[in-house]
Amino acid sequence: MRVAVLRERRGGETRVAATPETAKKLIGLGCSVAIETGAGLASGLPDSEYAAAGCEIAQNAGAALSGAGIVLKVRAPLGTGEGEVDELSMIPRGALLIGTLAADKALAGTYATLGIEACSMELLPRITRAQSMDILSSQANLAGYRAVIEAAGAFDRGFPMLMTAAGTISAASVFIMGAGVAGLQAIATARRLGGRVSATDVRPAAKEEIKSLGATFVGYEDEESKAAQTAGGYAKQLSAEFYAKQAEVVAAHIAKQDIVVTTALVQGRRAPTLVTEAMVASMKPGSVIVDIASDAGGNVALTSPGEMIVTGNGVKILGWRNWPGRIAGASSALYARNLLTFLTTFWDKDAKKPLLKEDDDIVKGVTLTRGGAVVHASLVAA
Ligand code: NAD
């Protein structure tokens, strides 16, 4: 079985879907691995390290894809007219494509027409058995860490209380909005740096998690928020009345913060606006807001996705896209291991290829297309 790993060509993507470590393990399973030249460079992984691990270095996407049975990607392959090469048309019929494909009905239809067996890992069910393959968790964790590190870099004072002969600098007040995977890591990182940390979330379970990390819970709770979590563990979309009450509590708190990190997402929807223009206006000059939700539209009314802006009152808002890509070495290492675990979990040792059982919950969760048809429940539903 030949595994192809392509250089990511979509704008700003710095990660790679296999590392020398995971490639070596794939070779150990009996695969050959072809990596497109330069694929790992932005993650600090030169061709020479892949070659030392036993990979073939392919000079272009076509050479890597030729004869491939498995294609590993971070983002969806480029299609016709999407860029310098049409990667999709070069994927052999019947190949298994694994990545963060973010496919709508039309794209899944294209995969089916091309005979590509597509698995989209962001759709993985959040069950215990799937944790080690969970790309959303591994990438969010690193995004949360990176967000706080960048906030510390952009902040013109320190995080910890600094006692010096020349006097004392007080600790930074840090407020984390959304305490899921990214938010909890942001809390832990801000605490390690010595900040005074508070956090909010709408899911009742999050309150205890915030406290267990040593942060203070700040938020609004009522009957509606008691049922704010879906069976899958995600936050539900709540009523306008709830959001208004939440905003009142948050507004008073934000005015006193030095650093705000926003991570709140509601699955399948635009990120909720949690920080209004008026809240930003209430903050002190030199304060920093980091909006990790910027890829989903942002949690801050003034976020300009892909940019850092400085407001009229001197507040920096970091709205960079692709936060995991800003710590590419670590993100690639974990993403690649997630994909490897998915493959090894379903590996058929005799056939030396994955056997994706249709009735397995993980397989059902991620499979977009099979045998030339779109099969994912969310895409075939009327
Ligand atoms: P997410 O990225 O969808 O959202 C981030 C956070 O934003 C969530 O905690 C959410 O509750 C919060 N949020 C949404 N609206 C908000 C609002 N108006 N105000 C404040 N916060 C708001 O979530 P996630 O990080 O992917 O994690 C969601 C849950 O899934 C967590 O409980 C996590 O522990 C759980 N999880 C389970 C598994 C597993 O069992 N395999 C894996 C990963 C995550």
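Here, each number is a calculation from the coordinates, and none is a lab measurement. Predicted model, so just to flag it, every value in this text is computed and none were measured. With ideal geometry, Cβ positions are generated from the backbone for all residues, glycine too; neighbour counts draw on all protein chains shown.
Points worth noting:
- Applying the criteria of a DSSP loop state and at most 16 other Cβ atoms within 10 Å to the GluC sites (Glu not before Pro) of the stretch 78-111 yields 82, 84.
- Here the 3J(HN,Hα) profile of the stretch 298-308, calculated from phi with Karplus coefficients 6.51, -1.76 and 1.60 at θ = phi - 60°, is x, 9, 10, 4, 8, 4, 10, x, x, 9, 10 Hz, Gly and Pro shown as x.
- Ratio of the Cα radius of gyration of the stretch 263-302 to 2.2 N^0.38 Å, where N counts its residues: 1.20
- Rounded FRET efficiency, nearest 0.05, which uses the C-beta distance separating residue 248 from residue 10 and R0 of 41 Å: 0.55
- The modelled label-to-label distance for the pair residue 164/residue 49, using points 7 Å beyond Cα in the direction of Cβ, is 3.7 nm.
- Residues in the stretch 49-61 carry Karplus couplings, in order, of 6, 5, 4, 5, 7, x, 7, 8, 9, 8, 6, 7, 4 Hz; the curve used is 6.51 cos²θ - 1.76 cosθ + 1.60 with θ = phi - 60°, and Gly or Pro positions show x.
- Taking only the C-alpha atoms of the stretch 1-158, the Rg (one decimal) and the largest Cα-Cα distance, Dmax (whole number), read 16.8, 56 Å.
- Contact order for the chain, expressed relative to its length and based on alpha carbon pairs under 8 Å spaced 6+ residues apart, stands at 18 percent.
- Relative contact order for the stretch 1-70, counting Cα pairs under 8 Å that sit 6 or more residues apart, in percent: 41
- Added length on full extension, which subtracts the Cα-Cα distance from 0.36 nm per residue, residue 309 to residue 224: 27.1 nm
- 3J(HN,Hα) couplings calculated from phi for the stretch 253-258 with the Karplus curve 6.51 cos²θ - 1.76 cosθ + 1.60 (θ = phi - 60°) are, in sequence order, 6, 4, 4, 9, 8, 8 Hz; Gly and Pro show x.
- Peptide ranges 318-327, 91-100 listed from the most packed, as the mean C-beta count within 10 angstrom indicates: 318-327, 91-100
- Peptide ranges 234-240, 62-68, 182-188 listed from the most packed, as the mean C-beta count within 10 angstrom indicates: 182-188, 62-68, 234-240
- Rounded if a/c under 1.5, otherwise prolate or oblate - the stretch 80-126, Cα gyration tensor axes: prolate
- The packing ranking of peptides 303-312, 46-55, highest mean first, is 46-55, 303-312, where packing means the average number of other beta carbon atoms within 10 angstrom of each residue.
- Tail fraction, Cα-Cα pairs, the stretch 133-241, threshold 23 Å, whole percent: 35
- Kirkwood-Stokes translational diffusion coefficient of the stretch 114-161, alpha-carbon pairs, 25 °C, 0.890 mPa s, µm²/s: 179
- Gyration tensor verdict on the stretch 184-255 (Cα atoms; rounded if a/c is under 1.5, prolate if a/b is larger than b/c, oblate otherwise): oblate
- Subtracting the Cα-Cα distance of residue 345 and residue 216 from their residue separation scaled by 0.36 nm leaves 42.5 nm.
- Dipole magnitude of the stretch 78-127 about its Cα centre (Cβ charges: Lys, Arg +1; Asp, Glu -1), debye to nearest 20: 280
- Normalised Debye scattering of the chain at q = 0.09, 0.14 Å⁻¹ gives log10 I(q)/I(0) of -0.57, -1.17, counting only Cα atoms as equal scatterers and leaving out solvent.
- Cβ-Cβ distance of residue 131 and residue 85, R₀ of 30 Å, FRET efficiency by 1/(1 + (r/R0)^6): the value works out to about 0.30.
- Annotation: amide H-H contacts under 5 Å for residue 58 (H modelled 1.01 Å from N, sequence separation of 5 or more, or interchain): 35, 36, 37.
- Length added when fully stretched, residue 106-residue 360, from 0.36 nm per residue minus Cα-Cα: 88.9 nm
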